[in-house]
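Okay, structure first, notes after.
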Amino acid sequence: MTEELAKIAQDLVAPGKGILAADESSGTIKKRFDSIGVESTADTRRDYREMLFRATEGMKNYVSGVILYDETIRQNAKDGTSLVDIMKAAGSIPGIKVDTGAKALPGPHADIEKITEGLDGLRERLAEYHKLGARFAKWRAVITITDTLPSWNCVKANAHALARYAALCQEAGIVPIVEPEVLMDGAHAGHSIERCYEVTEWTQRIVFRELYDARVALEGMVLKPNMVIAGQKCAKQASPEQVAELTVKCLKATVPSAVPGIAFLSGGQTDEQATQNLSLINQAGDLPWKVTFSYGRALQAAALKAWGGKSENVAAGQRAFTHRARMNSLAALGKWDEQLEKAA
Ligand code: 13P
């Protein structure tokens, strides 16, 4: 079993390939559609995602796997082919978001801190998702920074849930993507890159301790962390070089080399920022893991805009998606540069 899991994990982070996070919940995709003035219905969500999965050049060359939402893994394209079969035909591994969302963490900071739920009945849900074709899964924990938070309770509870989720996934023959996201888009002004380093290092340390306690095979998982970066409301923004340096330092301090790959979330960075930072991280060289992308917004924003909900814009949407996928593929090899961006 571990060998099979290890093979899937390695395929997910194959050189020059990364993951498309298309697992927006119905609430989140509605927000994205609102931004382009398109109503969110089962059909528009299907049309949009079908457009991405049928962007064959982008999918075949640059995308190793796609994270789906429960609705999408069960959905058929307009012509009746299942969306799962479409992405498989493009060489992508189907994945599934299995957490049921981040809820208020009861206690003195319930207005700020969150705990991700979804463990009840997860064994049975994973068995069903495996039958539906999923070979990897995602669970996202969120950690919010303030001057005094996160609390130990928040870090510990989220790390513990991640480890229980990961162990259940491996039992089901599914590779867990372990995502402890230290948020960058909070409102806190004191959220400097140094503060982000401190909280990210702490969080990742506790996550790997819990993974060890749960006997999760590190060879059969992928870590999906945030980059070490200043919060969006912080007056002092860090340079891309500094982001790369502190991110690499943090990962080296916390992530065992048995982990085959690290696939970042974009977390609210601009498209180009997420690409540039990833490229610089890979240029640091001498990393014991593959380091790539598992972007949602930074892979989709341009495509969503180009599409705008109109069938005549499908080709333009696919071009925009393929371009971002190619730029991020180059970044995963440490070979992106600004000229390539402009040339397109
Ligand atoms: P973003 O890249 O938009 O942060 O989304 C990635 C993801 O899957 C968050 O869970």
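When region 217-239 is limited to residues that are of a type in the set (A, V, I, L, M) and surrounded by 23 or more Cβ atoms within 10 Å (Cβ to Cβ), the one that is farthest from Gly296 (Cα to Cα) turns out to be Met221. Summed over region 121-160, residues that are assigned to a helix (DSSP H, G or I) and among the aliphatic types (A, V, I, L, M) total 6. For region 265-277, filtering for residues that are under 27 Å from Leu5 (Cα atoms) and either free of Cβ contacts under 8 Å to residues at least 40 places away in the same chain or touching a Phe, Trp or Tyr at 6+ places or on another chain (Cβ under 6 Å) (or both) leaves 1.
Looking across region 31-44, the residues that are part of a helix (DSSP H, G or I), in contact with a helix residue (DSSP H, G or I) (Cβ under 9 Å, 6 or more places away or on another chain) and within 16 Å of the ligand (Cβ to nearest atom) come down to Arg32, Phe33. Among the residues of region 226-270, those that are of a type in the set (A, V, I, L, M) and in a loop (DSSP other than H, G, I, E, B) comprise Met227, Val228, Ile229, Ala230, Ala235, Ala238, Val255, Ala258, Val259, Leu265. Looking only at region 229-260, residues that are hydrophobic (A, V, I, L, M, F, W, C) and more than 17 Å from Ser192 (Cβ to Cβ) come to 6 in all. Whether any residue in region 266-282 is under 16 Å from the mean Cα position of the chain (by Cα), surrounded by fewer than 22 Cβ atoms within 10 Å (Cβ to Cβ) and of a type in the set (Gly, Ala, Ser) is what I want to check. Within region 266-282 (the criterion being under 16 Å from the mean Cα position of the chain (by Cα), surrounded by fewer than 22 Cβ atoms within 10 Å (Cβ to Cβ) and of a type in the set (Gly, Ala, Ser)), the answer is yes, since at least one residue qualifies. The single condition among (1) crowded, with 21+ Cβ neighbours inside 10 Å; (2) under 19 Å from the mean Cα position of the chain (by Cα) that Ala55 does not meet is (2).
Looking only at residues in region 271-311 that are within 16 Å of the ligand (Cβ to nearest atom) and outside any helix (DSSP H, G or I), the one that is nearest to Arg32 (Cα to Cα) is Gly296.
Here, each number is a calculation from the coordinates, and none is a lab measurement. A quick note: this is a predicted structure, and the numbers were derived from the prediction, not measured. Note: ideal-geometry Cβ built from the backbone for every residue, glycine included; neighbour counts use all protein chains shown.
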